[in-house]
Structures are given as structure tokens and as C-alpha cells.
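Enquirer: There's a structure below that I have some questions on.
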Amino acid sequence: MHTQRMAVSVSVLALLTLAACGTESGSGSGSGDGSDTVQSDVPVTGVAWSVDSLTVGGKKTEAPEGSRLEIDPKGRAKAGFGCNHIGADARVEGDRITFGKPVSTQMACDETTEKAEKAALAAMDGEVTAKLSGEKLTLTTEGGDTIALSEEKPAGLVGTRWAVDTLLSGETATSVPADLPKERVPHLTFGEDGTVHGNSGCNSFHGKAAVEGSTIDFGPSAGTRKMCPEAEMEVERAVLAALDGPATYTIKGSTLTVTSKDGKGIGATAAPTKSEGTQEHG
């Protein structure tokens, strides 16, 4: 599959790493009622951040839909612009962030995504200052380039159309090939009646999915039995393996992660709705 792990320019990762980290462990540069000042007690880790735009050399570039970053409490950041997955370590001192060498998948992306990634590389070259104002986070380089981000609100598990973009196997994360035909991109939707339906990468499927707390118990599924090119069948096998039996799930912003007991899993992104309360159908 298209799943090489390669080191990508440290800058890109920084961007993602920074954003989230930047406000978590500062030495308290903010105090009093300065709502737009980075503070050590701001809950940045474990928060999903959506990348809104990047301004480099005075030129603003809107980030592709689905661009986001997140950093866990252990100081590990992960991010992406809708194509590649990036990860790196990060260290925060006050409102300044120092990031480690990033590791990324390496896939060909569409022109819009590549443009945003180039802007991010330029903007994240060097140390970054983080400033938090409400649910908005701004990262600024010494040269004045900026990255604007917003905190994502958790999407609802039920009724949301989840587009699968990552395949998990233990500690390994693999991107779903970006060149899959649109109708073959795996997705799933959970119903209020304890069911799940969607497409696993080649065939459509439906089955039972009992949700209790942070667990989902997937029952046997049924569906079509078409044959597709090997790349699509490989994705399908991985998706179905993750949706088999009991699994745990988490939702951070618009990102869903489902992991089975044997470590197989998927990462998925909530499809945007046209209006509040609109439900997507698979």
C-alpha cells in the first residue's frame, strides 16, 4: 500500500505539534484576565485543532478541509492536511515551542493540499510563539508568518457519516490511498437503532453495532460481494477486521478512532453537514 514512513521537513510537523503543545506546559506567561495570552493551565493537550489558514510572506492560504492537529498529554503531536499523516515530539517553554524531527507518510496529494503544505513548511521554519484567544489559537514565526487554528467540537457518533482515512495496526498508522475512486472511499454511519452501514472500500455493508460507554460491539455484517482492484480489496480487509467484535472508540473534534482488541483499527473524519442537524446517509 501507499504507506511509507518518511521524515518530512521538521517544519510541517512543527506546525501541528506546536499548535497544540504551545499552550499546555508554559511557565505561565499569561496571568490575570489576559484572555489572549498563552497560559500554562489552558487545556490544549487532548484537544483537536482545525487548521483554518496560513499566512506566509504576507500571502494568506486557506487550509484544505479536514486540516487538523492534536497533541497528547505525553508531548506527542500528530497532524495532517487531508493527505499525509505527520507525527513528532514537542517541547514547550512558556509560549515558545521547540519541535523534534517529524516522521510522515509520503503520498502524492492534490494541488490544493500541496500548496497548503508548502505554506505550512515555510511558516513553521524555526521557533513559533503560540497565542490562545478563546477557542482560537495563533502560531507566529519570528518572521511574522502565522498559522490560524480553531478548537473543534466533538462530532456525534450516531448519525454522522464517517469517512475512513487511516488504517491502524498496533502502533502503525497507514493512510488510505488518496487515489481511490470516490465511490470506493470507505465510510460508515451508526444508526440510533444499534446498526452500522457504509462501504468498506469495495463493497457496501450493514450490521449490528451495540454502543455502550466507550465501547462498540460489532456483530456479523452482510453486504455485497463484488471484486475490486487489489488496493481496494486490501483496504476493505483492513476496515472489516477493525469492525469485527468488541472495540473501543474515541472522538476528538471531527476525528473518530475505533480500535479492536487485537490492535486493528481505523481513523475516520466526520463528513461536513449542509446544515445543523443534517445527517449523511451511507
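Enquirer: How do the pairs read when you match residues in segment 203-217 that are over 23 Å from residue 235 (Cβ atoms) with residues anywhere that are modelled with pLDDT of 95 or more and in a loop (DSSP other than H, G, I, E, B), using Cβ under 9 Å and keeping only pairs 6 or more apart or on different chains?
Expert: Every condition considered, the pairs that remain are 210/194; 211/157; 211/194.
Enquirer: Continuing with the same structure: Does segment 149-202 hold any residues that are β-branched (Val, Ile, Thr), farther than 25 Å from residue 46 by Cβ and open to solvent by 20 Å² or more (accessible area, probe 1.4 Å), and which are they?
Expert: Matches in segment 149-202: 185, 195.
Enquirer: Counting only residues that are of a type outside the set (Val, Ile, Thr) and assigned to a strand (DSSP E or B), which one in segment 139-164 is nearest to residue 186 (Cα to Cα)?
Expert: Selected residue: 163.
Enquirer: Additional query: Inside segment 154-207, can you point out the residues that are under 16 Å from residue 226 (Cα atoms) and at pLDDT 90 or above?
Expert: 186, 198, 199, 200, 201, 202, 203, 204, 205, 206, listed by residue number.
Enquirer: Still on this model: May I ask you to list the residues in segment 251-280 that are out of contact with any strand residue (DSSP E or B) (no Cβ under 7 Å at 6 or more places or on another chain) and modelled with pLDDT under 90?
Expert: Passing the criteria: 272, 273, 274, 275, 276, 277, 278, 279.
Enquirer: Looking at this structure, is residue 213 modelled with pLDDT under 95, more than 30 Å from residue 110 (Cα to Cα) and not polar (S, T, N, Q)?
Expert: For residue 213, the condition - modelled with pLDDT under 95, more than 30 Å from residue 110 (Cα to Cα) and not polar (S, T, N, Q) - is met.
Enquirer: Suppose we filter segment 135-148 for residues that are open to solvent by 20 Å² or more (accessible area, probe 1.4 Å), in contact (Cβ under 8 Å) with a residue 60 or more places away in the chain and under 20 Å from the mean Cα position of the chain (by Cα); how many remain?
Expert: Going through segment 135-148 one residue at a time, the tally reaches 1.
Enquirer: Right, next: Could you please find all residues in segment 229-248 being within 21 Å of residue 213 (Cα to Cα), of a type outside the set (Gly, Ala, Ser) and surrounded by fewer than 19 Cβ atoms within 10 Å (Cβ to Cβ)?
Expert: Result: 244, 246, 248.
Enquirer: Considering (1) modelled with pLDDT under 95; (2) touching a Cys at 6+ places or on another chain (Cβ under 6 Å), say which one residue 236 fails and leave the rest.
Expert: So residue 236 meets the others, but not (1).
Enquirer: On to the next question. Please go through (1) farther than 16 Å from residue 46 by Cα; (2) over 19 Å from the mean Cα position of the chain (by Cα) for residue 132 and return the number of the only condition it doesn't satisfy.
Expert: (1)
The values are calculated or read from the model by the stated rules, or taken from the named source; none is laboratory data. Here the structure is a predicted model, which is why all the values come from computation and not from measurement. Positions of Cβ are backbone-derived with ideal geometry, glycine not excepted, and every protein chain shown enters the neighbour counts. With ligands, DNA and RNA removed, areas are computed over all heavy atoms of the protein, side chains included. Shrake-Rupley method; radii C 1.70, N 1.55, O 1.52, S 1.80 Å.
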